[in-house]
Every structure is written in C-alpha cells, then in structure tokens.
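Accompanying notes for the structure given below.
The values are calculated or read from the model by the stated rules, or taken from the named source; none is laboratory data. Remember, predicted model here, so these are calculated numbers, not experimental data. With ideal geometry, Cβ positions are generated from the backbone for all residues, glycine too; neighbour counts draw on all protein chains shown. Only protein heavy atoms, including side chains, enter the accessible area calculation; ligands, DNA and RNA are left aside. Shrake-Rupley method; radii C 1.70, N 1.55, O 1.52, S 1.80 Å.
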Amino acid sequence: MKKVLFFLAALLCCMSAFSQDKQLTLEDCIYMNRDLFPKRLSNLQWIEGTDDYSYLRNDTLFRGRIGKKDNVIITFNDLNKAYKNCAEAKEMELYRMPRVSWINANEFTFFNNYTILKYNLKEKKVTKLNEIAFDEEVSNIDQSNVKQYFAYTKGADLYIVRNSEEIAVAKSEKEGVCYGPSDAHRNEFGIEKGTFWSPEDNYLAFYRMDESMVADYPLVDITTRIATTQNIKYPMAGETSHEVTLGVYNLNTGKTVYMKTDGPKDQYLTIVTWDPSEKYIYIGVLNREQNHLRFNKYNVATGELVKTLFEETDEQYVEPQYNPIFLFTTKTRFVYQSRRDGWNHLYLYDTEGNMIQQLTKGEWEVTGIIGIDDTEENIFITSTQESPIQNHIYAVNIPIGYTRKITKEHGTHNGVLSSKGHYIIDSYSSTDVASCVDIIDVDFDKNKLSNNYKVVKNISKDVDPLKDYKLGKMEIGTLMNNNGDSLYYEIIYPTDFDPSKKYPVLHYVYGGPHLMLISDSWLGGAGLWAQRWAERGYIYFSLDNRGTPNRGADFEQIIHRQCGTHETEDQMVGINYLKSLPYVDADRIAIDGWSYGGFMTISMMLRNPGVYKVATCGGPVCDWKWYEVMYGERYMDTPQENPEGYEKASLLSYVDNLDGKLLIIHCSTDPVVVWQHSLSLLQAFIEAGKQVDYFVYPGHEHNVRGRDRMHLYQKIEDYTDENLK
C-alpha cells in the first residue's frame with residue numbers, strides 16, 4: 001500500500017496553554033453554544049441593480065460599498081415604526097428584525113406573519129403587497145419572481161394568493177393524490193419543491209403526485225391515549241411506485257393544461273425549467289430504470305411535446321441534478337450540466353437541441369453555477385479543479401472557451417454574483433480559517449487571459465472561534481487502494497498526544513453517494529463532536545471511499561448493483577494504515593455511523609469480523625429491498641433484476657460473523673430508513689443466537705434532533721467507553 005501524506009492543518013492545538021484550556025461539552029457539540037459558531041453576516045446579499053450589498057447585524061440593516069465605509073440603511077426601531085403606521089399590517093408591531101429581499105436600489109420586501117410587505121427607503125413607508133390567510137396546514141410556500149404572488153399547499157390541495165385573494169388551483173379528488181408537493185420523487189434528482197413560477201408570473205407549473213397505488217406503510221404514534229397508526233406511502237425497491245404528472249396553471253384564464261409526458265406512468269419528471277418566452281416548458285423525463293433521460297420541450301398552451309432536444313443514456317444511471325440556465329440576452333441558448341464524459345461539466349445548447357460547445361472539460365467536477373455576467377460572455381462556477389476536497393470559483397469565458405481561477409486561498413469557496421456581474425461575494429472556510437467573506441472584482445478585459453482578479457474588500461473574517469479550547473491536531477492525507485485510487489482521510493489526534501503511547505480509535509463512517517466527510521474547510525469537514533473524541537483520548541478517523549461524490553462517475557458508480565462491497569474494501573485500507581501506526585491500539589478500534597453510515601458500520605463489522613471491538617450505528621439500511629424506489633433502484637436496480645447483489649449487500653446475510661459489541665439505534669417514526677430494517681436485522685441476530693444491544697428514540701424521524709441529540713451522543717460515548725476498555 002502506497003501512502004501519500006500531507007498536512008492541511010498542521011496544528012489546531014497540540015499543547016496546553018493558559019488560553020487553550022476549555023473543553024467541549026455535549027451541549028457545545030450540538031451547537032447550542034452560539035459562541036462556537038464561525039462568525040458570519042446575516043442576510044448578506046447584493047442590492048438589486050447596484051454593486052452595493054447589504055447585511056443584518058444587531059437588528060440593523062447595513063449597506064456596504066466598494067471603497068467606502070458601511071452605513072446604516074435602517075434600524076429595527078425605525079422599520080417597526082413604519083410597520084406600525086401601515087394600516088394593512090395584521091400585527092401591531094414586529095417582534096424581530098426580518099430578513100429582506102431587494103426589489104431595486106430603493107425598495108425591499110420582507111415577510112411577516114404570512115404577509116409580504118414592501119419598504120420604500122425614500123418615503124420611509126411600509127406597504128402590504130400580499131397576504132396568505134393563516135391556516136395550520138399551509139406549507140410549501142413558494143414566492144413568485146416578479147409580482148410577489150404566493151403558491152402554497154394546504155393538505156393535498158394547491159392554492160395561489162394574488163393581491164391577498166386566494167385562488168384554488170387544484171384540489172385532491174381522492175385519497176393519495178396531492179398537488180404541488182415538495183417531496184415529489186422523494187426529494188431525489190435535486191427536486192426540493194413542487195411548484196415552478198414562470199419568468200413573468202403568468203403561469204404556475206406544478207407536480208400532481210398520485211400515490212394511491214402505493215402500499216401504505218405504518219408508523220406508530222405513541223403520543224395518543226391508545227397508540228395510533230399513521231400510514232405513509234413508501235414505494236419500496238421493486239414494488240409499485242407512484243405516478244407524477246406536470247400541470248401548468250394560467251393565472252389569466254384560470255385554466256390548467258397538463259403536459260403530455262407520454263411513457264410509463266412511473267417515470268420521473270426532473271429538472272423542470274421555463275423557457276424565457278413562457279411559451280414552452282422543459283422537462284427531463286427519466287425512465288424508472290434511471291438509465292435513459294429525454295430532455296423534452298413542451299407547448300404550454302396545448303401540453304403537446306414540441307421536441308426531444310437530446311437524450312442521455314448510461315449503463316449504470318443518469319442522475320439529473322441541476323436545472324438548465326438560460327442566457328437572457330439571446331433567450332434561445334442555455335447552459336446544461338451533464339456527466340456524459342464521466343465528469344460533471346457544462347454544455348451550451350440552443351432551444352432546438354443543437355449543442356453549440358462544451359464549455360468545461362477535464363478530470364474534475366463543476367459543483368455549481370454562480371451566475372452569468374451582464375455581457376453573457378462569462379459564466380462563473382465553482383469546481384474541484386484544484387482538488388477534490390477544495391471548492392474554488394472560476395470564470396468560464398464562453399466565446400474564447402477559457403477557464404480562469406478567481407479565488408486564491410485554499411479552502412471551500414462559494415460565491416454570489418452582483419446583478420451587474422462585476423463583483424462576487426466570496427464566502428469561504430478552510431482548515432485554517434473558520435469563516436471569511438471577501439468581495440472580488442471580476443470585471444476584466446476578455447482579450448487578456450491573465451488572472452487579474454483581486455480582493456477589493458474584506459467584509460468579515462473569523463479565524464478561529466475555538467481559540468480558547470484545547471483541541472487535537474488535525475491531519476488530512478491520502479491513501480492508495482488496490483484499484484490505484486487515492487482516498488482522502490482525516491485523523492484528529494488526542495489532545496496532549498504522546499506518540500510513545502497507544503490510543504483507542506473512533507472510526508466515523510458514511511461512505512455513500514452525495515456526501516463527503518473530508519474537505520478543506522473549517523475542522524476539515526468534521527464537527528465539534530469529532531474534536532470531543534480527541535479531547536477524551538481517542539484518535540478520530542474518517543475516510544471517503546469509492547461511491548462518494550466529486551471524484552467522477554467511475555469513482556462513484558462502481559458501487560452500482562453491489563452496495564457495500566467496494567466501500568468496505570476502501571475503508572479497510574484506512575484501518576490497515578491505522579494498524580501500522582505504533583501509537584494505535586489495534587485491539588481497541590470502534591466504529592460509528594448513521595443512515596448509509598449505519599449500513600457501512602454494520603457491514604464493516606460483519607464483513608471484517610475481529611477488526612472492531614465496538615460498533616454503534618443509527619438508522620441503518622439493513623437490506624436494500626426495504627429502501628425506497630428512487631434512491632435504492634438507482635444504485636441497486638430492483639431485487640427482481642439483481643437478486644445476487646441484494647443478497648450480498650444485505651446485512652442479514654452476515655449475522656453469524658458478529659464478533660464484538662454492537663449497539664443499533666433507530667427512531668420509531670423514521671420515514672426514510674423505516675423501522676423494519678433494524679427490527680428485521682434484530683430478529684436475524686436472535687435466530688443466529690447472537691447478542692446485540694438496541695435503543696429506540698420514540699417520536700424522532702431519521703435522526704435525533706434538538707436537545708435529545710445530547711442524549712444520543714452520551715449514549716454512544718458511554719457505550720463505546722464501557723466496551724472498549
């Protein structure tokens with residue numbers, strides 16, 4: 001095994017000092033102590049139509065200007081005074097400073113008690129724009145782009161409120177049918193909402209989800225005098241899935257037209273995007289097998305398919321995650337993200353389906369689009385071009401086809417482009433800086449290819465909110481697996497580390513798609529709880545195996561049809577490295593993880609008996625046939641198509657291998673990894689004559705939230721300490 005080791009944070013705290021003697025409490029670790037939060041400005045944003053920005057601090061709204069001192073826009077008291085003078089306001093006063101959104105340089109809106117209001121800086125006046133009638137069932141509120149309309153759901157029904165008038169868009173006609181749900185396709189494919197306003201707010205597109213054919217799944221509510229059943233619809237892998245269609249409501253006529261998305265009823269409707277003209281809408285129609293995407297253009301007036309602009313296929317899966325972004329000067333070109341060459345990159349298309357050019361290329365991933373400047377010659381992105389564990393901002397010049405790096409400091413950067421496209425607010429953290437916000441001048445001569453960007457103003461910087469705490473040294477490095485892949489790992493050494501001593505290990509694991517544990521960001525991507533393990537005398541260890549994101553399709557998709565196999569192989573590379581270190585006590589290694597990490601925790605213990613003395617896990621996927629259709633079938637296909645893969649991945653297949661202490665934790669009303677998983681595994685252990693420990697958190701869903709999380713952390717710490725002696 002070849003080891004490549006480097007340091008991103010050589011020393012957070014390796015020695016005692018008078019100013020570094022505080023210790024983290026469990027309350028600190030669930031972020032109840034706000035003093036430990038990296039300092040950030042609240043509601044930071046560009047002011048529409050300007051190169052000025054605003055932010056909230058101490059109940060005051062400030063304006064910032066390049067090259068000038070920040071000044072007060074309005075205080076809470078002054079805004080509250082204007083609010084009290086608004087006859088249409090539903091309450092007598094505001095109770096806190098609201099977050100604001102700019103309409104233009106002179107007006108901003110804010111939301112209070114289901115009411116959207118406007119404040120005019122010159123007139124010093126608050127005006128009501130729109131109001132939602134209060135109802136406990138109101139959810140999925142979606143504010144429109146221009147006219148301050150709202151779409152929202154009440155139960156299974158969809159409504160619009162326009163000028164404080166409520167309009168029923170669609171009402172459920174039977175049990176199991178809902179309109180405008182945010183969880184259409186169970187929040188996969190980047191779908192976070194169920195309604196889509198057109199550019200000028202003349203139309204509202206929405207999902208109609210029919211789950212009536214999906215089997216009911218029981219969750220038990222123990223808060224009633226006699227426990228009651230609350231059924232949810234949970235389409236399991238290989239079972240009947242729900243059916244989704246897309247309607248378009250015309251606000252001028254009050255009519256709805258459904259797009260004729262012909263094909264199997266259980267296909268997925270993804271990346272819903274409006275054409276700038278409002279005459280067309282685009283839908284990424286993905287088959288249930290998730291290996292064939294058709295990007296279709298539909299006529300809004302008739303619902304007819306105009307054209308399939310292009311198709312994408314993949315032997316493993318196609319996973320549309322990002323909506324196309326239109327160039328609003330031409331209005332006939334858009335930027336599309338795809339992994340068709342093995343890495344997530346940008347492609348420029350026209351609305352006839354012609355690919356004009358590939359804008360980015362290389363063995364790295366585009367991680368986001370920040371925006372396009374007003375000339376529409378430069379698109380600003382974030383990507384992993386520098387390193388898989390870093391995120392930097394780049395400018396991609398469309399005519400020249402040249403990519404320039406904008407950010408210089410190592411770390412994880414995210415940006416917001418000013419409305420004129422001249423400046424970017426760069427917010428970043430790194431292993432040395434908890435939080436930093438700079439303004440970068442990105443206005444450059446397109447004929448000069450030099451990187452001439454510069455920071456023109458620092459807005460805020462918090463180097464280390466933990467400077468008074470006694471922390472462990474953090475190390476980030478790479479190890480090579482048998483496939484020749486470099487795997488990033490993180491070690492946090494015990495405080496007062498002595499290399500002549502031997503220490504127990506807490507191996508924290510996730511290992512699944514869409515989440516990396518290791519990053520060049522504050523605390524290396526680990527939370528405060530990781531440092532608490534070091535504080536308590538443990539070596540804390542994490543590693544990102546194959547299957548995790550930002551490393552290209554081959555790295556991620558190798559888990560297809562065989563979840564758990566390559567992931568556990570890679571994690572053992574890390575364990576073998578740890579065992580080679582003279583200060584690691586190989587007889588006292590513990591492992592912990594949640595959800596996919598729970599699956600990985602038990603997989604590691606059962607597939608590698610004798611390696612771990614203790615394992616704790618929560619919400620574990622125990623057999624993929626009990627997981628939901630969209631996620632489960634993407635990575636495993638159906639149980640009917642892949643019976644061998646399902647059997648090999650199932651934790652129930654390995655119960656005889658248990659060697660060590662295992663604590664399984666589950667939440668009683670988990671709607672993601674349903675309780676059936678761990679209960680069935682528990683039964684398998686019983687039948688095999690194996691003793692395990694089990695703990696349930698009543699009433700919690702897929703994780704333990706709030707103050708109860710301290711109880712969870714204490715449970716894991718106590719169990720590990722007691723059994724790792």
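Quick one: order Val72, Val177 from most to least accessible surface, probe 1.4 Å.
Descending accessible area places them as Val72, Val177.
Let me make sure I get this right: for region 148-187, a, b and c are the square roots of the gyration tensor eigenvalues over alpha carbons, sorted descending. Under 1.5 in a/c it's rounded, otherwise prolate if a/b > b/c, else oblate. Which is it?
Note, shape of region 148-187 comes out oblate.
Please list Trp626, Trp675 in order of solvent-accessible area, largest first, computed with a 1.4 Å probe with all protein chains present.
Accessible-area ranking of Trp626, Trp675, largest first: Trp675, Trp626.
Given the rule -39500 (n - 2.57) for each run of at least 4 DSSP H residues, summed and divided by the residues of the chain, what is its mean residue ellipticity at 222 nm, to the nearest 500 deg cm²/dmol?
Result for the chain: -4000 deg cm²/dmol, rounded to the nearest 500.
Solvent-accessible area of Met516, probe 1.4 Å, all protein chains present, reported in Å² to the nearest ten, please.
It works out to around 40 Å².
If Met213, Met605 are ordered by their accessible area, calculated over protein heavy atoms with a 1.4 Å probe, which sequence runs from highest to lowest?
The ordering from most to least exposed comes out as Met213, Met605.
According to the square roots a ≥ b ≥ c of the eigenvalues of the Cα gyration tensor, what is the shape class of region 373-444, taking rounded for a/c under 1.5, prolate for a/b larger than b/c otherwise, and oblate for the remainder?
Taking the square roots of the gyration eigenvalues as a ≥ b ≥ c, region 373-444 is oblate.
Might you work out the accessible area of Trp343 for me, using a 1.4 Å probe with all protein chains in place, and round it to the nearest 10 Å²?
50
From the square roots a ≥ b ≥ c of the eigenvalues of the alpha-carbon gyration tensor of region 152-304, which class results: rounded (a/c under 1.5), prolate (a/b over b/c), or oblate?
Oblate shape, in that a/c is at least 1.5 and b/c is the bigger or equal ratio.
With semi-axes √(5λ) of the Cα gyration tensor in Å defined as stated, name the option among (i) 45, 27, 26; (ii) 41, 33, 28; (iii) 47, 41, 22 computed from the structure displayed.
Read-out from the structure maps to (ii).
Could you tell me what percent of the accessible area of the chain is made up of carbon and sulfur, with a 1.4 Å probe and every protein chain present?
Exposed carbon and sulfur together represent 46 percent of the surface.
Would you mind checking region 269-310 for residues with the amide N under 11 Å from a putative spin-label position 7 Å along Cα→C-beta of Lys260?
299, 302-306, by backbone N distance to the label point.
Could you state the accessible area per residue of the chain in Å², with a 1.4 Å probe and every protein chain left in place?
42
Would you mind telling me the antiparallel percentage of the DSSP bridges in the chain, rounded to 5?
Restricted to the chain, the bridges split so that about 85 percent are antiparallel.
Name the helices (complete DSSP H segments) of the chain with a Cα length along the long axis of 15 Å or more and a Kyte-Doolittle mean of at least 1.6, or state none.
None clear 15 Å together with a mean of 1.6.
Can you tell me the relative contact order of the chain? Whole percent, Cα pairs under 8 Å, sequence separation 6 or more.
11
Counting only the heavy atoms of the protein chains, how much of Asp374 is accessible to a 1.4 Å probe, in Å² to the nearest 10?
90
Given points 7 Å out from each Cα along the Cα-Cβ axis, report the Asp498 to Lys648 separation in nanometres with one decimal.
Going by the 7 Å Cα→Cβ label model, 4.7 nm.
Under 28 Å from the Cα of Lys124, which lysines turn up, not counting those fewer than eight places away in the same chain?
Filter leaves Lys68, Lys69, Lys81, Lys84, Lys90, Lys147, Lys420.
Give the separation of the Cα centroids, region 573-619 to region 243-282, in Å.
Cα centroid of region 573-619 versus Cα centroid of region 243-282: 48 Å apart.
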